[in-house]
Amino acid sequence: MDTQDSFSGALDSNLGLYDDAATSNFEARLATSDSMDVEPEVASTSVRIHATFGMEEEDTEPSIDKDAYEDDEDDDEDVLEDDLSLLMRSWVNERSSPEILEYEGATIENLMELVDFQTQKMATQQAALANILKMDVDRVKYLVRSYLRTRLSKIEEHARHYIKETMYRERLSQNELEYAKGYVELDERHVRRSFLDQLPPHLRGLEDVTAEGLEMVSKPDLDAAVFCRVRATVGEFQFEPR
């Protein structure tokens, strides 16, 4: 693309930001300058050429409400950063916790909507900017995949326990709950066909508890060591005994 054509296209797109009143005022000033047959004072107006898309910004800008459209442009970025920070914290907590935690459904939904928007936006951008957007999209996708896979790994390890306990069932999303139920059904069908049906009837149980209190259903080890980071000063704090 020719440099002059690129600069002209960027200048035309930036002129669209000015409102009708400011444009009329600018044209009136040009008409007054022509009628008085006075050369415009080019040297008195400093022009700064920005590195991004060759935008021009004059010191004598028309009076426009910049906050109106700057806030709109920053809204999506603020939402993305807030949701991304929340997802990263939830991802770290999920990987460090021995039990499954509350599902961040709203955060995942918001991020996936922004991913779809950024993916559509990449098709209309130049190659350099499209690569930057793709890096952000890939980063979000990686976090989402790792977060969901961590939760699925915990569900497969203690599926029966999570289904049986109301507290854990409420932490699962609807898809995760259906996955856990399907996993339990497949696991039970497999062990029964493999060897359980050949055992005596009193030995075929999958959720029995021995006289010593040992349970066949595996549970997460809540006494496992975890790493914690204090995010705010709370003063003296005592953990509740278990």
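A few comments on the model shown:
- The single condition from (1) loosely packed, with under 10 Cβ neighbours inside 10 Å; (2) under 19 Å from S96 (Cβ atoms) that K219 fails is (1).
- Residue pairs meeting the criteria (Cβ under 8 Å; at least 6 apart or on separate chains; first at negative phi, in segment 226-242; second part of a loop (DSSP other than H, G, I, E, B) and open to solvent by less than 100 Å² (accessible area, probe 1.4 Å)): V226/S97; V226/P98; R242/L222
- For segment 209-222, a residue qualifies if it is in a loop (DSSP other than H, G, I, E, B) and free of Cβ contacts under 8 Å to residues at least 12 places away in the same chain, and the qualifying residues are T210, A211, E212, G213, L214, M216.
- Residue match in segment 112-121 (condition: of a type in the set (A, V, I, L, M, F, W, C), surrounded by 15 or more Cβ atoms within 10 Å (Cβ to Cβ), at pLDDT 85 or above and more than 30 Å from L222 (Cα to Cα)): yes
The values are calculated or read from the model by the stated rules, or taken from the named source; none is laboratory data. What you are looking at is a predicted structure, and each value in this text was computed from that prediction instead of being measured. Every residue, glycine as well, gets a Cβ built from its backbone with ideal geometry; the counts of neighbours run over all protein chains shown. Each accessible area value is taken on the protein alone, full model and side chains, heavy atoms only, with ligands, DNA and RNA left out. Shrake-Rupley method; radii C 1.70, N 1.55, O 1.52, S 1.80 Å.
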